[in-house]
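The values are calculated or read from the model by the stated rules, or taken from the named source; none is laboratory data. This structure is a prediction, so every number in the text was calculated from the model and none was measured. Counting neighbours? That spans all protein chains shown, and the Cβs are built from the backbone with ideal geometry, glycine included.
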């Protein structure tokens, strides 16, 4: 084959399968990691836990219903619609699991703050360390949930291709 001609195949994946698989692997987790880190920085897991704790039924109906509807839509829609449905599925899945992560961060922050308050009462001064630990825990939980939900969304069953009726 002459160096000027492209390898056989119509798509990038067909022509260069090794490059496509490495590009997919490298590009895949960065968006969820960035968005999860930003959400953790803003404390959204803690806020979602507070919303789920105060109004559990509406929270579960909205988030759980969204996950169920988007799963059904992902199985029935074409490629573009499936991608959009799975994007909404990822957001709803992140909100559900991040609320549980918010519970973990809240329990951790209560334990850390109790120790910090006792140290302050003894006269050892106020430390920034508890706040840094709580913020780091929120970010780590949020990023972990985002990556996990992104991987779970890739396992949502979908039909092979959309048929035109």
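Rundown of residues vs (1) surrounded by 12 or more Cβ atoms within 10 Å (Cβ to Cβ); (2) modelled with pLDDT of 85 or more; (3) within 30 Å of residue 78 (Cβ to Cβ), yes/no style:
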| position | (1), (2), (3) |
| --- | --- |
| 112 | yes, no, no |
| 119 | yes, no, no |
| 123 | no, no, no |
| 132 | no, no, no |
| 138 | yes, yes, no |
| 147 | yes, yes, yes |
| 162 | yes, no, yes |
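State whether the residues of region 92-106 include one that is over 18 Å from residue 152 (Cβ atoms) and out of contact with any helix residue (DSSP H, G or I) (no Cβ under 7 Å at 6 or more places or on another chain).
No, region 92-106 contains no residue that is over 18 Å from residue 152 (Cβ atoms) and out of contact with any helix residue (DSSP H, G or I) (no Cβ under 7 Å at 6 or more places or on another chain).
Tell me which residues, restricted to region 87-110, are over 12 Å from the mean Cα position of the chain (by Cα) and in contact (Cβ under 8 Å) with a residue 12 or more places away in the chain.
Within region 87-110, 100, 102, 103, 104, 105, 106, 108, 109 meet the criteria.
Kindly evaluate residue 63 against the criterion of being under 30 Å from residue 134 (Cβ atoms), at pLDDT below 90, surrounded by 15 or more Cβ atoms within 10 Å (Cβ to Cβ) and in contact with a helix residue (DSSP H, G or I) (Cβ under 8 Å, 6 or more places away or on another chain).
no
Can you confirm whether residue 77 is over 16 Å from the mean Cα position of the chain (by Cα) and buried (at least 17 other Cβ atoms within 10 Å of the Cβ)?
yes
Quick check on my filter: what residues within region 16-53 are assigned to a helix (DSSP H, G or I), at pLDDT 70 or above and either over 30 Å from residue 132 (Cα atoms) or over 23 Å from the mean Cα position of the chain (by Cα) (or both)?
If the condition is that a residue be assigned to a helix (DSSP H, G or I), at pLDDT 70 or above and either over 30 Å from residue 132 (Cα atoms) or over 23 Å from the mean Cα position of the chain (by Cα) (or both), then 17, 18, 19 are the ones that fit.
Within region 69-82, does at least one residue satisfy the condition of being in contact (Cβ under 8 Å) with a residue 12 or more places away in the chain and under 29 Å from residue 136 (Cβ atoms)?
No, every residue in region 69-82 fails to be in contact (Cβ under 8 Å) with a residue 12 or more places away in the chain and under 29 Å from residue 136 (Cβ atoms).
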